[in-house]
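Read-outs throughout are calculated quantities, based only on the coordinates presented, and are distinct from any laboratory measurement. Computed from a prediction, not measured in an experiment: that's the story for all the values here. Note that each Cβ is placed from the backbone with ideal geometry, even for glycine, and that neighbours are counted across all protein chains shown.
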Amino acid sequence: MIITKKLIHDYLKKDDEGNIIGRTRALDAVDLDVKAGEFVAILGHNGSGKSTLAKHINALLFPTGGTVEVDGMDTTDESHLWDVRQEAGMVFQDPDNQIIGQVVEEDVGFGPENLGVPTKEIWERVEESLRVVGMYEYRKKSPNHLSGGQKQRVSIAGVIAMHPKCIIFDEPTAMLDPSGRKEVIRAWRRRSTPTRSMSWTRGGSPCRGRRARSSPAWRSSRR
Ligand SMILES: Nc1ncnc2c1ncn2[C@@H]1O[C@H](COP(=O)(O)OP(=O)(O)OP(=O)(O)O)[C@@H](O)[C@H]1O
Ligand SMILES: [Mg+2]
């Protein structure tokens, strides 16, 4: 499902003219083979490259050397870029950087909308995934009024609604208190099926996975 071979990632430092003046090797020949249905935890100290690896699996970064394959697709193949991003959903450390909708159900619907899912099915997916994470009763609320753990559960619902084959969690509980952590872990456990791969890094990097839109057309079909 996820295969990396001798994966190398160098972050380059450039001067104002674009000349390379330094490099940091974040990943050095990483081999990884995650099968469908496996749960893999990646542990490491700060700066050891966990977030960098996670971003490669979601095609947010590309190899300096070696290869990354997600469900048979090479992440450097531009024709598969969006397929890779759909198949490998990502939940980041900071829920505030992932929630883009004004209303919970709208936020969860952005992903399927961007995938071109028909309106009726968007509603079905929004309901299903909010129920999975125990946030259905909050569907009409503003994300600004939710706790950190609740926001993170909405982020997970947003990823689930895209029907990915694997979900990558990059320290999704790092910014939460113990009860928020329990909420997120419970939401994740409910989603952990034998056919879905999960990887969880422990030891975060805020980033935005989905595109912001102000008023999605599908929402006006049911209020
Ligand atoms: N955007 C960047 N530009 C330059 N160097 C970077 C960048 N992001 C990360 N690095 C460097 O790459 C290395 C790996 O960083 P990464 O964020 O992947 O580690 P991590 O294991 O996720 O750490 P943490 O536990 O702190 O989240 C570190 O040395 C870091 O300083
Ligand atoms: Mg990190």
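Some notes on this structure:
- Rounded to the nearest whole Hz, the Karplus-based 3J(HN,Hα) values (6.51 cos²θ - 1.76 cosθ + 1.60, θ = phi - 60°) of region 101-111 follow the sequence x, 7, 10, 3, 5, 5, 4, 5, x, 4, x, with x at glycine and proline.
- Region 77-94 - phi-based ³J(HN,Hα) in whole Hz, Karplus 6.51/-1.76/1.60, Gly and Pro as x: 7, 4, 5, 10, 3, 6, 5, 4, 5, 6, 6, 10, x, 10, 10, 9, 5, 9
- Proximal aspartates and glutamates relative to K120, as straight alpha-carbon distance under 20 Å, when same-chain residues fewer than 8 apart are discounted: E105, E106, D107, E128, E137
- Beta bridges assigned by DSSP with both partners in region 5-154 are antiparallel in approximately 100 percent of cases.
- Report note on the peptides 30-41, 87-98: ranked by the mean count of other C-beta atoms within 10 Å, highest first, their order is 87-98, 30-41.
- Amide hydrogen neighbours beyond the local backbone of E38, cut-off 5 Å, H modeled: M198
- Near the amide H of M135, within less than 5 Å, lie no amide hydrogens of residues on another chain or at least 5 residues away, with H placed in the peptide plane.
- When each of K5/K151; K5/K35; K13/K151; K6/K55; K50/K165 is checked by Cα-Cα distance, pairs over 24 Å: K5/K151; K13/K151
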